[in-house]
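Undergrad: First the structure, then my questions, so here it is.
The values are calculated or read from the model by the stated rules, or taken from the named source; none is laboratory data. Computed from a prediction, not measured in an experiment: that's the story for all the values here. Counting neighbours? That spans all protein chains shown, and the Cβs are built from the backbone with ideal geometry, glycine included.
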Amino acid sequence: MSRVLFPEFSLRRRSVSHPRTEPQQQVYVSIFSRYYADVVRLLCGMLPNKQDAEDLAQEVLLRIIRAQEPEKLSQNPKAYLFQIATNLVRDRIRQQHAQKYAHDCADDTDVEQLSAIAASPEQHVGAAETLAGIQAILQRLPNEDKRIFIWCKMYQLSTKEISERMNLPLRTVQRRLTDVLSQITMQLEQGDD
């Protein structure tokens, strides 16, 4: 499959079906092209490979064209683009987990069992608080440690695969992952007290 690279893709594809005029799209493309490398770099830190990062960067451009929020883009374009990129990664991770869970459930349970394990509102609140705590911890981590954790826990890469991708010794990756997990565990235990 040949890859269509930024920015030609977005102009040709969207100008036909979207109500924006081409000059308006050109403004968005111009702003996006200024920050494209930064967006891809951000996404590379959150995704397992550069191709996925470039694909999601294309989606960021499509989102800003569809959003019709020029005021947000003009106030702080880099922050707005980073916010969209981060949200797209979160959406992708949620979708992957939902698909994996649905596949696992379809193999092991029936509809009656699924309704029996439905979470209560209190469980949803508790899970949201736990997730917020983990996100706060991850925000404070060095980028390499954050990447190790995300690749291991969200993308299910082995420590050996992470070691190879990051050109780090296997023991270093294992130690950093253990440190991150310890920090998260301690923080969550303190939150329960």
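Undergrad: Quick check on segment 175-188: of everything there that is within 13 Å of residue 153 (Cα to Cα) and surrounded by fewer than 17 Cβ atoms within 10 Å (Cβ to Cβ), which residue is modelled with the highest pLDDT?
TA: Of everything passing the filter in segment 175-188, 178 is modelled with the highest pLDDT.
Undergrad: For residue 91, indicate whether it is at pLDDT 75 or above and either in contact with a His (Cβ under 6 Å, 6 or more places away or on another chain) or loosely packed, with under 13 Cβ neighbours inside 10 Å (or both).
TA: When the stated conditions are applied, residue 91 passes them.
Undergrad: Now for a different question. From the list 35, 80, 28, which residue is among the hydroxyl-bearing types (Ser, Thr, Tyr), assigned to a helix (DSSP H, G or I) and either in the same structural domain as residue 135 (by TED's automatic domain parsing) or modelled with pLDDT of 90 or more (or both)?
TA: Matching residue, one of 35, 80, 28: 35.
Undergrad: Here's a follow-up. Going through 114, 138 one at a time, which residue ends up being modelled with pLDDT under 75, of a type outside the set (Val, Ile, Thr) and either more than 18 Å from residue 55 (Cα to Cα) or in a helix (DSSP H, G or I) (or both)?
TA: The conditions single out 114.
Undergrad: Same structure, new question: How many residues does segment 53-72 contain that are β-branched (Val, Ile, Thr) and farther than 15 Å from residue 83 by Cβ?
TA: Result for segment 53-72: 1.
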